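All remarks here apply to the structure that follows.
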Ligand SMILES: Nc1ncnc2c1ncn2[C@@H]1O[C@H](COP(=O)(O)OP(=O)(O)OP(=O)(O)O)[C@@H](O)[C@H]1O
């Protein structure tokens, strides 16, 4: 018999300032359409032993005031479940948005310990299919006519039923075999209600629970919201697929399903049907005589190209989404979740890889400190940990280095120093770990470091090409990070200390006064000198950039810079000569 466990918390919670805010929040919510969903979520949380959380965010009080009591039902084996298992099971029961939340948390190796990540990874997206009759109306609306107006054949039994969409197999009138992905009817309002709920819970948790603040609940919910918005838009998935296909066009052994735009919109998409064996099906691969080591290398090459060179990557390359085709080619499926990495971030990751491969503790720590950004980190302690970590790998042959494991350890160190990575960077770490994991499962001798080597070489070469320097120079004004990534380590270190207010600058004002005239005099010349130098450097950068007006084939802005620099230089030499060579 379930016990009524909601206790009146409204009186106590409204007594404090934040309590008032909490009450107002839930009152607004309680009066609105989300009450039913609120109750469902509260009940599942209580069932899995999170009654305290329900009370802390004021859910039980709000529901009670609304006349809806929350019952706690005991799951018999609750005591035998670990906390990560309880959270995972609760997420599964709370439905699509929470399943997606769990999948997103699985990418946050910087926030959660491995036992949590392992549990979040188990979250299954497959759910019972809804009947085709429930889908037909929406499908025909989007097609602008009956199903057979677009398809020569359509199998009404889905080949996959995930929480956001169902996938059907069909044939177009022109004979093309296709996969038709249809958004589940009614899913958008449900997700929107969940997002309102999660936003409020996150806001309350962040203000109420200092111990949860470091998990940045509000930022995580924002990330989830952005990710779900993309997943709900099935045309966006196809745009991602086409962008990745264009970036990987030169990789002949990689297939990205073609998109049939005539039948693609926000609620459905039609893609080339991919027939093959998922990389997760090892027995199937062996039976088909697949060349597993070559598949492992191809997968890693494609993954690293997306990460290191394109900065736009498939963020969920689990073995079910990568299909082996005849001739040991690979196809990628499911572009719902993608990540983006700026050039500066890519350089940081490559520096980290380079540091790991060369076992250079200083370089590894430098990247980690860059990632820490403005957060206060005990640099000495971190450096000591990195030294010990790198020492541990001393003498290990390159081929035996497990970069994925090393990255996981780095994530653990960051976690211990309370450094939270930007979401895309955390996703990238996760993708690299997955690539190595999949590679090793296919081929126990798979050597990720060797696969990374050409990328490191190319990146180092391209990083200091005149064109890349010019591009960074152009962007530097608006993006300090870009600039910082190209500054020497020590200067970056100093700037970090300055930013964090950890550096004292001692000026001897009296002595400065005594030499005031001299300083002012020299400073003028110094300023002119700096301006002239800047003009020379600036114009040489502009000279290397294509585009803009030209005169006799030379860029006008670059020429103006050089002329200005020449006049300034002559004037500077003249003033120095007149003042007797300076004091
Ligand atoms: N182009 C395709 N060709 C063949 N099968 C496909 C294609 N696209 C999707 N599928 C099938 O549908 C399944 C689900 O597709 P997809 O992964 O894109 O959907 P999803 O809603 O993102 O699901 P999940 O989150 O579980 O990966 C795939 O695992 C695959 O079996």
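Each peptide among 84-90, 39-45 gets the average number of other Cβ atoms lying within 10 Å of its residues, and from highest to lowest they stand as 39-45, 84-90. In terms of other Cβ atoms within 10 Å, 461, 333, 143 run from fewest to most in the order 461, 143, 333.
Taking the centroid of alpha carbons for each part, region 255-312 and region 113-135 are 21 Å apart. Ranked by the mean number of other Cβ atoms within 10 Å of their residues, highest first, the peptides 289-299, 96-106 come out as 96-106, 289-299.
Each value in this text was obtained by applying a stated rule to the coordinates, not by laboratory testing. These figures come from a predicted structure and were not determined experimentally. No Cβ is skipped: glycine too gets one built from the backbone with ideal geometry, and neighbour counts run over all protein chains shown.
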